[in-house]
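One structure is given here, and the rest of the page talks about it.
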Amino acid sequence: MTFACGKTSEPGSDDRQQVYVQTDTCRFTAYLRVSDNISDTLRRPGSLELFVYDADGLHNLLDHRSYAFLPDSAVLYCKARNVTVVAIADSPLQFNAGALQRYDSIELLSYRFEEDSAERPVMSGQRDIEAGGSGSIILSPILARIKTGEISNKLRGYIRLENPRIYLENMNASAELLRTTGFYPSEICMSTPVKNLPYDIGVFSQSPGTELFCYPNDSPEASIGSPATAIVLECEIEGATRQFRVSLPPIKRNSTLMVDITVTGEESFESKVY
């Protein structure tokens, strides 16, 4: 699709910019949507970066736009028949567009877990769009959430689980921004946050809903060199520190796993992950 040379302003375009359209320029419309499965309430991202690459040939960068907020849509004009639009929201790091002149450069872009934030997670998405057409880009966080379900104590003699807390082991230290599957850690986090549960666990089960966050890890439960992420319930039982470790199944990007743990003895427990 081609347009006459001239100045045009797109009604409804959130960037509110006047665009000069050349006769060999094609129009592309990208709609921005959010998929957030790591929060109980849908959050709307703040800042947004759009990178537009030629989907053919050398996949060169054609356009780069920055927004102070997430628009509903963006209308783009490029000298290409097909484009790949990459959207990145709430990045804690500044981008060097000069280093991202080819699609394969941004495809390899990674973030480290400590750079990310559960309150305002990095989100990304991409979509190929044909000339004159439109497409929806689904922005999703890299992070995954591990949430406690029911924590129970089946010890005899009314012995309490005192000062209970949870943390994760074998957390993936980094992840590629645009990757959706195949997260296998080459490095794990050396230290991870510890979250205290609100109360000691007595004869009544509790459902504290305490949350931990991590990067995805597709390692199976038993894997040499790429260990699965595990959640650990730690507490004191009659003055002795005890740990109950649950190896987690593959953790997908933008997902929530719920974990139930029932302590049945000083060194024994049952668990359910769903």
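Summary table
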quantity: Residues that are under 30 Å from Thr148 (Cβ atoms) and either touching a Phe, Trp or Tyr at 6+ places or on another chain (Cβ under 8 Å) or open to solvent by 40 Å² or more (accessible area, probe 1.4 Å) (or both), drawn from the stretch 36-77; calculated: Asn37, Ile38, Asp40, Thr41, Leu42, Arg43, Arg44, Gly46
quantity: Single residue of Ala89, Ala97 found to be among the hydrophobic types (A, V, I, L, M, F, W, C), surrounded by fewer than 16 Cβ atoms within 10 Å (Cβ to Cβ) and farther than 28 Å from Met190 by Cβ; calculated: Ala97
quantity: Residue within the stretch 157-172 that is of a type in the set (A, V, I, L, M, F, W, C), under 24 Å from Asp218 (Cα atoms) and either part of a strand (DSSP E or B) or at pLDDT below 95 (or both) present; calculated: yes
quantity: Strands (runs of 3 or more DSSP E) fully within the stretch 71-141 counting 2 or more residues that are among the aliphatic types (A, V, I, L, M) and either without any contact (Cβ under 8 Å) to a residue 12 or more places away in the chain or under 20 Å from Cys26 (Cα atoms) (or both); calculated: 73-78, 82-89
quantity: Those residues of the stretch 152-201 which are within 19 Å of Ser124 (Cα to Cα) and of a type in the set (D, E, K, R), in sequence order; calculated: Glu176, Arg179
quantity: Segments classed as strands (runs of 3 or more DSSP E), wholly inside the stretch 1-58, with at least 2 members that are modelled with pLDDT of 80 or more; calculated: 26-34, 48-54
quantity: Residue list for the stretch 66-118, filter: within 30 Å of Met171 (Cα to Cα) and of a type in the set (Phe, Trp, Tyr); calculated: Phe95, Tyr103, Tyr111, Phe113
quantity: Considering residues of the stretch 144-156 that are among the basic types (Lys, Arg) and part of a loop (DSSP other than H, G, I, E, B) only, the residue nearest to Tyr199 (Cα to Cα); calculated: Lys154
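Results for (1) in contact with a strand residue (DSSP E or B) (Cβ under 9 Å, 6 or more places away or on another chain); (2) among the charged types (D, E, K, R), shown as yes or no for each residue.
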| site | (1), (2) |
| --- | --- |
| Arg112 | yes, yes |
| Glu119 | no, yes |
| Ile129 | yes, no |
| Gly133 | yes, no |
| Leu139 | yes, no |
| Leu143 | yes, no |
| Lys147 | yes, yes |
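Table: residues versus (1) of a type in the set (Asp, Glu); (2) open to solvent by 10 Å² or more (accessible area, probe 1.4 Å); (3) in contact with a strand residue (DSSP E or B) (Cβ under 7 Å, 6 or more places away or on another chain).
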residue	(1), (2), (3)
Asn217	no, no, yes
Pro227	no, yes, no
Ala240	no, yes, no
Gln243	no, yes, yes
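The values are calculated or read from the model by the stated rules, or taken from the named source; none is laboratory data. This structure is a prediction, so every number in the text was calculated from the model and none was measured. Neighbour counts run over all protein chains shown; Cβ positions are idealised from the backbone, glycine included. All accessible areas refer to the heavy atoms of the entire protein, side chains included, with ligands and DNA or RNA removed. Shrake-Rupley method; radii C 1.70, N 1.55, O 1.52, S 1.80 Å.
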